[in-house]
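Contents: one structure, followed by commentary.
The values are calculated or read from the model by the stated rules, or taken from the named source; none is laboratory data. This one's a predicted model, so the numbers in the text were calculated from it and none came from an experiment. Cβ placement follows ideal geometry from the backbone for every residue including glycine, while neighbour counts extend to all protein chains displayed.
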Amino acid sequence: MPHIVIDRFEKINYPVKVDDVEFLFQAENLIGVKTPISKFLIKLQPKEDGTYLIKYDKITRPIISEIKKAYEAIIKLQNAKIIFENIRGIKEKLPNKNLLNIEDDLSDIDIVEVGFGSGRHLIHLAKENPDKIILGIEIHKPSIEQVLKRLEHEKISNVRVLNHDARIILSKIPSNNLEAIYVHFPVPWDKKPHRRVMNKDFINECIRTLKKDAFLHLRTDSVKYFNYSLNLFLDYNKIDIRIKKNIPYVISSKYEDRWKKLDKDIYDIYMINHEISEELKENFDFTFEKKLKNLDFKPKIYNNFVIHIEKVFKIDENRELIRLTLGNFNRPEHLYILNKDKPEYFKAPAPIKENYLAHLELKRLFNG
């Protein structure tokens with residue numbers, strides 16, 4: 001972790017600005033920092049030898065250039081000497097234009113692949129549909145890095161990649177927008193079925209985001225997963241279901257190559273949508289009306305989301321910084337709230353339904 005050790009640290013009269021870096025407040029050992037392009041926290045840790053270790057907070061992780069600015073501003077403000085640093089030699093990693101984050105606009109996406117693995121099928125889709133924008137969703141970071149390198153090497157520009165839970169990502173895509181959704185060889189999770197990507201919430205979002213006559217394609221080697229998914233699809237109206245077994249597909253994944261060598265059966269289900277869904281009308285307002293009170297640290301677990309206040313850091317008599325986990329049960333966010341007369345998130349949650357529902361419940365629980 002990039003950090004510095006300095007020889008002194010005197011009390012700061014907040015807020016204070018050094019060049020274009022503003023130090024907003026100190027909540028015990030956490031210091032709020034704002035630059036023209038970022039907002040984050042740094043940690044101050046006194047050491048036994050009288051020096052001070054300064055490092056960034058992982059939850060609000062900024063880019064390297066902004067960390068460097070904050071450290072340099074601290075040194076200048078304190079007129080301190082550097083005892084140790086390991087940041088100057090770190091080069092800024094340029095953002096990959098193909099790698100999105102959950103805050104990005106997804107309205108231009110045409111085709112989605114969930115769990116693209118080695119990327120064979122994702123690359124195939126991109127080459128076969130050069131005028132379409134393909135979104136690949138994957139939670140396995142090594143697979144993402146491998147595919148991003150291949151996209152760059154082959155100069156493929158119509159693929160976007162997201163490292164997140166597909167069930168959450170689909171909730172951000174406009175209605176009647178997609179031409180196809182592919183789910184090839186998902187993890188069966190026979191012992192933990194609640195972790196399966198294929199469930200009613202996911203199918204509902206597929207139907208909403210698919211255009212009329214567009215399709216969801218499931219391909220699996222698991223007969224249990226096939227039967228489970230087929231029974232889910234049969235609960236829906238205005239769809240066609242087409243089933244194939246052991247029919248060669250246009251491209252074979254590395255998993256399929258493995259299964260074929262073992263003479264395993266391969267099952268396909270095409271769910272063709274015939275509905276026109278209502279437009280997505282969601283305006284997520286993450287504001288607070290009054291200070292949060294009567295806080296407790298017991299996790300609150302609901303059907304689709306979780307709320308867990310983890311720690312409270314005092315700033316002064318009227319303000320505190322709350323660290324919490326909030327949002328989708330399978331992929332919650334770690335956040336801070338500046339709790340004052342009118343609280344605000346230090347960095348706002350991603351604008352997705354589960355985060356908003358958790359936000360509303362948070363206000364209800366601790367409205368004073």
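Residues checked against (1) surrounded by fewer than 18 Cβ atoms within 10 Å (Cβ to Cβ); (2) at pLDDT below 95; (3) outside any strand (DSSP E or B); (4) among the β-branched types (Val, Ile, Thr):
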| position | (1), (2), (3), (4) |
| --- | --- |
| LEU41 | no, no, no, no |
| LEU44 | yes, no, no, no |
| THR60 | no, yes, yes, yes |
| GLU66 | no, yes, yes, no |
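Look at GLU85 and say whether it is surrounded by 13 or more Cβ atoms within 10 Å (Cβ to Cβ), at pLDDT 90 or above and among the acidic types (Asp, Glu).
Against the criterion (surrounded by 13 or more Cβ atoms within 10 Å (Cβ to Cβ), at pLDDT 90 or above and among the acidic types (Asp, Glu)), GLU85 does not qualify.
Determine which member of the set LYS34, LYS47 is of a type in the set (D, E, K, R) and in contact (Cβ under 8 Å) with a residue 40 or more places away in the chain. Don't jump to the end; show me each part of the working.
Values: LYS34 fails: in contact (Cβ under 8 Å) with a residue 40 or more places away in the chain.
After ruling out the rest, the residue left standing is LYS47.
Quick check: is even one residue across the stretch 71-80 of a type in the set (A, V, I, L, M, F, W, C), buried (at least 17 other Cβ atoms within 10 Å of the Cβ), under 23 Å from TYR345 (Cα atoms) and in contact (Cβ under 8 Å) with a residue 12 or more places away in the chain?
no
Let me spell it out: the conditions are (1) of a type in the set (A, V, I, L, M); (2) more than 24 Å from LEU41 (Cα to Cα); (3) surrounded by 14 or more Cβ atoms within 10 Å (Cβ to Cβ); (4) over 24 Å from the mean Cα position of the chain (by Cα), and LEU292 meets all of them except one. Which number is the exception?
LEU292 satisfies all of (1) of a type in the set (A, V, I, L, M); (2) more than 24 Å from LEU41 (Cα to Cα); (3) surrounded by 14 or more Cβ atoms within 10 Å (Cβ to Cβ); (4) over 24 Å from the mean Cα position of the chain (by Cα) except (2).
Would you check which residues across the stretch 136-154 are within 19 Å of HIS184 (Cβ to Cβ) and not in a helix (DSSP H, G or I) and list them?
GLY136, ILE137, GLU138, ILE139, HIS140
Take the residues in the stretch 167-186 that are in a loop (DSSP other than H, G, I, E, B) and within 20 Å of the chain's Cα centre (by Cα); name whichever of them is surrounded by the fewest Cβ atoms within 10 Å (Cβ to Cβ).
PRO174
With respect to GLU48, is the statement that it is assigned by TED's automatic domain parsing to the domain that holds ILE173 and closer than 30 Å to ARG319 by Cα true?
Spelling it out, it is not the case that GLU48 is assigned by TED's automatic domain parsing to the domain that holds ILE173 and closer than 30 Å to ARG319 by Cα.
Condition first: of a type in the set (Gly, Ala, Ser), more than 14 Å from ASP268 (Cα to Cα) and either in contact (Cβ under 8 Å) with a residue 12 or more places away in the chain or part of a loop (DSSP other than H, G, I, E, B) (or both). Can you find one or more residues in the stretch 199-214 that meet it?
Filtering the stretch 199-214 down to residues of a type in the set (Gly, Ala, Ser) leaves 214.
From the residues that got through so far, the ones that are more than 14 Å from ASP268 (Cα to Cα) too are 214.
Now drop any that are not either in contact (Cβ under 8 Å) with a residue 12 or more places away in the chain or part of a loop (DSSP other than H, G, I, E, B) (or both), which leaves 214.
Yes, because at least one residue in the stretch 199-214 is of a type in the set (Gly, Ala, Ser), more than 14 Å from ASP268 (Cα to Cα) and either in contact (Cβ under 8 Å) with a residue 12 or more places away in the chain or part of a loop (DSSP other than H, G, I, E, B) (or both).
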